[in-house]
Amino acid sequence: MTPTHLPLSPARFLALRLLPGEDLIAGLRAHMAQHGLQAAWIAGAVGSLTHANLRYAARPDGTLLEGAFEVIALGGTLDPECEHLHLSLSDEQGLMRGGHVLPGCRVRTTLELVIGELEAYRFTRAPCPHSGYEELLITPRTL
């Protein structure tokens with residue numbers, strides 16, 4: 001089933017706050033499991049980080065940044081097994097960086113998140129012959 005043929009889905013939203021020292025991905029995974037989310041996305045995020053582990057475009061490995069960073073934007077999709085997140089942040093001089101989120105992003109003062117879930121769908125990942133990566137599959141949720 002292609003995305004152009006999927007019916008509309010109702011959505012629900014969850015608000016959460018990650019505390020200083022918490023890992024972004026570990027925190028999101030814990031909330032996904034706690035609430036049984038199957039097809040989620042980041043609807044909004046604001047906060048700060050002390051560590052940001054980002055993989056830049058077309059690079060195989062991550063780059064660990066340490067300092068005081070403001071979260072400018074965080075977006076992506078979440079399924080029960082993994083996530084695909086991109087983060088934009090600014091440093092103490094206001095210089096921007098961004099990339100694919102890897103484990104090791106740690107909260108500085110707070111990370112306030114609103115997560116939406118499409119209730120009619122289930123997100124999973126599968127190898128894609130076009131990109132060479134595991135990419136999003138959207139299927140109707142079976143109850």
Residue 89 open to solvent by less than 20 Å² (accessible area, probe 1.4 Å), within 12 Å of the chain's Cα centre (by Cα) and modelled with pLDDT of 95 or more: no
Which numbered condition residue 120 fails, given (1) surrounded by 14 or more Cβ atoms within 10 Å (Cβ to Cβ); (2) over 25 Å from residue 13 (Cβ atoms); (3) over 18 Å from the mean Cα position of the chain (by Cα): (2)
Some residue of the stretch 21-34 being without any contact (Cβ under 8 Å) to a residue 40 or more places away in the chain and among the charged types (D, E, K, R): no
Check on residue 38, at pLDDT 95 or above and assigned to a loop (DSSP other than H, G, I, E, B): yes
Among the candidates 52, 68, 73, 45, residue that is within 23 Å of residue 18 (Cα to Cα), of a type in the set (Gly, Ala, Ser) and touching a Cys at 6+ places or on another chain (Cβ under 7 Å): 52
Residue check, residue 107 at pLDDT 95 or above and either open to solvent by less than 30 Å² (accessible area, probe 1.4 Å) or among the acidic types (Asp, Glu) (or both): yes
Single residue of 50, 142, 109, 124 found to be of a type in the set (S, T, N, Q), without any contact (Cβ under 8 Å) to a residue 40 or more places away in the chain and out of contact with any His (no Cβ under 8 Å at 6 or more places or on another chain): 142
Matching option when the condition is closer than 30 Å to residue 6 by Cα, open to solvent by less than 50 Å² (accessible area, probe 1.4 Å) and either hydrophobic (A, V, I, L, M, F, W, C) or modelled with pLDDT of 95 or more (or both), among 75, 98: 75
Evaluation of residue 77 against (1) farther than 15 Å from residue 111 by Cα; (2) β-branched (Val, Ile, Thr); (3) not in a strand (DSSP E or B) (one fails), failing number: (3)
Index of the failed condition, residue 69 passing every other in (1) at pLDDT 95 or above; (2) in a loop (DSSP other than H, G, I, E, B): (2)
Residue within the stretch 59-73 that is free of Cβ contacts under 8 Å to residues at least 40 places away in the same chain and within 11 Å of the chain's Cα centre (by Cα) present: yes
Scope the stretch 15-54; condition among the hydrophobic types (A, V, I, L, M, F, W, C), open to solvent by 40 Å² or more (accessible area, probe 1.4 Å) and within 26 Å of residue 120 (Cβ to Cβ); matching residues: 15, 30, 33, 41, 43
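The values are calculated or read from the model by the stated rules, or taken from the named source; none is laboratory data. Everything numeric here is computed off the predicted structure, so don't read it as measured data. Cβ coordinates were reconstructed from backbone atoms using ideal geometry, including for glycine residues, and neighbour counts include every protein chain displayed. What goes into the accessible areas is simple: the full protein's heavy atoms, side chains included, and nothing from ligands, DNA or RNA. Shrake-Rupley method; radii C 1.70, N 1.55, O 1.52, S 1.80 Å.
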